[in-house]
Amino acid sequence: MKYVDEFRDGALARGIADRIAAELQPGRRYSFMEFCGGHTHAIARYGIAELLPPEVRMIHGPGCPVCVLPIGRIDQAIHLALERGAILATYGDTMRVPASNSLSLMKAKARGADIRMVYSATDALALARANPQREVVFLAIGFETTTPPTALVIRQAAKEDLANFSVLSCHVLTPSAITHILESAEVRQYGTVPIDGFIGPAHVSIVIGSAPYQHFAEEYRKPVVIAGFEPLDVVQAIGMLVRQVNAGRAEVENEFIRAVTPEGNVAAQAVVSEVFELRERFEWRGLGEVPYSALKIRPAYARFDAERRFALDYRPVPDHKQCECGAILRGVKRPTDCKLFGTVCTPDNPMGSCMVSSEGACAAHYSYGRFRDIPVVSVPA
Amino acid sequence: MCLALPARVVALLPDDQAQIDLGGVRKTVSVALTPDARVGDYVIVHVGHAIGLIDAAEAERTLALFAEMALTPSEPSA
């Protein structure tokens, strides 16, 4: 496929990795956080971690919307479907996220809840049109990429005056999560998570542009390189970060220039700000409550806000005690540091959210990396 | 979750819809978020919506930069 295949050339990737190795400064270690789950997945799937010299370490960030969705939000969705008789429409990614009482949306569906997987927010709207006698709630999750489509359907529902459609908004914001990590004790004081720079999101940046990252370069002196999700994009971006670190620069650079502009997608931003406003606080799995890090539906569209329509209260629920998702999402621990990894917790039966989505750090390592942890020993014949 | 694929616009349809070609598969998606998309353009499709356009010239330039960055030259692909 055009714009995919040519960005997956393995020989070229090796050549760029060789250049990175040649340019490293002796005795220096380089730690970069890839914010996005899409990059985490690419790094695991294409073996980029192995391609890099050992002095370069990639730290997985919290940019997987499924992984950061707290139990309390899934509980709200299950409550709507099981106890309030609503049809709950959701992206497939959320179906297996563990919730309270050993439930998930998938298990609630097995108990008779009417839960429908949709590909697009517009499919949820179609469900509402087709079932006028039922309440239809769309569980809307995701970063800045999925928010514009949700905003479009809310606006469309208002236009059609649909009386039975509402949205449970769990849309979150990338820049506030990056700020939260940079302000965290592990990064600022303890130095347990050394971050020399960030790989900036691919598709999120198409929507918000490259300008919002300027703050991290200027205020925190951290280089940011926005990168596409293909393997060559990622390797190239790591090379660009190494060059910035070597030169003592902290700038926003754009490797994904074929799709990302400084100002982003203005049409998408306009519909989002028409329908949504900032939430004062929102709980993230792993990060806790992060101020101004999520979006809620504006009062003008209040009748489409499921939280108001069903007078929902939010109750935070702690994760499983042994689950290390929180520390993994902050970059403090790696998937293999968790006792549950690969034994009790697998993609088929996830205990924590990082094992649910293929972009979660645990699922990515389970699928593509777990056999690399085992040393190859030859047995004499 | 943020998975998106580049696809070519084949036809613009009413109500901000467009038919796209994704490696031979035809599909109808919304182009409400990319009002500038024209037939022949490559758009980035995410959850049934085009969220951005691909700049063909910049894509070529990026590929050239990869080749420049690579220390060992790439084997000509068979």
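Throughout, read-outs are computed from the coordinates displayed, never taken from laboratory work. None of the values given here were measured: they were computed from a predicted structure. Reconstructed Cβ throughout: ideal geometry from the backbone, glycine too, with neighbour counts over all protein chains shown.
Out of residues 5 or more away from A:GLY264 or on other chains, whose amide H comes under 5 Å of its own, with H placed 1.01 Å from N in the peptide plane?
Under 5 Å from the amide H of A:GLY264: A:GLY209, A:SER210.
If the elastic network links every pair of Cα atoms under 10 Å, which of A:ASP93, A:ASP161, A:ASP196 fluctuates the most in the Gaussian network model of chain A?
Looking only at A:ASP93, A:ASP161, A:ASP196, the biggest GNM fluctuation is shown by A:ASP161.
Per 10 Å bin from zero, what fraction in whole % of the C-alpha pairs of the range A:325-367 is there, up to the bin with the longest pair?
37, 59, 4
From the backbone phi of the range A:20-34, what are the Karplus-calculated ³J(HN,Hα) couplings (6.51 cos²θ - 1.76 cosθ + 1.60, θ = phi - 60°) in whole Hz, Gly and Pro given as x?
Coupling constants for the range A:20-34: 4, 4, 5, 9, 5, 7, x, x, 9, 10, 10, 10, 10, 9, 8 Hz.
When the Cα centres of the range A:239-291 and the range A:10-51 are compared, how far apart do they sit, in Å?
21
Can you tell which of A:GLY352, A:VAL242, A:PRO53 lies farthest toward the positive end of the dipole of the protein assembly as shown, using +1 and -1 charges on the Cβ of basic and acidic side chains (Lys, Arg; Asp, Glu)?
With unit charges placed on the Cβ atoms, the residue in question is A:GLY352.
Using every alpha carbon pair in chain B, what percent of pairs falls into each 10 Å bin from 0 up to the bin containing the largest distance?
18, 40, 23, 15, 3, 0
Where does the protein assembly as shown land at 222 nm, in deg cm²/dmol rounded to the nearest 500, when only DSSP H runs of n ≥ 4 count, each adding -39500 (n - 2.57), divided by all residues?
-9500 deg cm²/dmol
Lysines within cross-link reach of A:LYS159: Cα-Cα under 20 Å, excluding same-chain residues under 8 positions apart?
Within the straight-line cut-off, A:LYS159 pairs with A:LYS296.
Taking the C-alpha atoms of the range A:21-97, how large are the radius of gyration and the largest Cα-Cα span, Dmax, in Å?
19.3, 63
Placing unit charges on C-beta atoms (Lys and Arg positive, Asp and Glu negative, everything else neutral), compute the dipole magnitude of the range B:5-69 about its Cα centre in debye, rounded to 20.
240
Kirkwood Rh over Cα pairs of the protein assembly as shown into Stokes-Einstein at 37 °C, 0.692 mPa s: D in µm²/s?
Roughly 144 µm²/s, to the nearest whole number.
Using a 10 Å cut-off on Cβ to Cβ distances, tally the other chain neighbours for every residue of A:12-25 and report the average as a whole number.
4
If you put +1 on each Lys and Arg Cβ and -1 on each Asp and Glu Cβ, how big is the dipole of the range A:68-172 around its Cα centre, in Debye rounded to 20?
In debye, rounded to 20, the range A:68-172 gives about 220.
Please report, in cubic angstrom per residue, the volume enclosed by the convex hull of the alpha-carbon atoms of the range A:208-273.
Spelled out: Cα convex hull of the range A:208-273, divided by residues, is 83 Å³.
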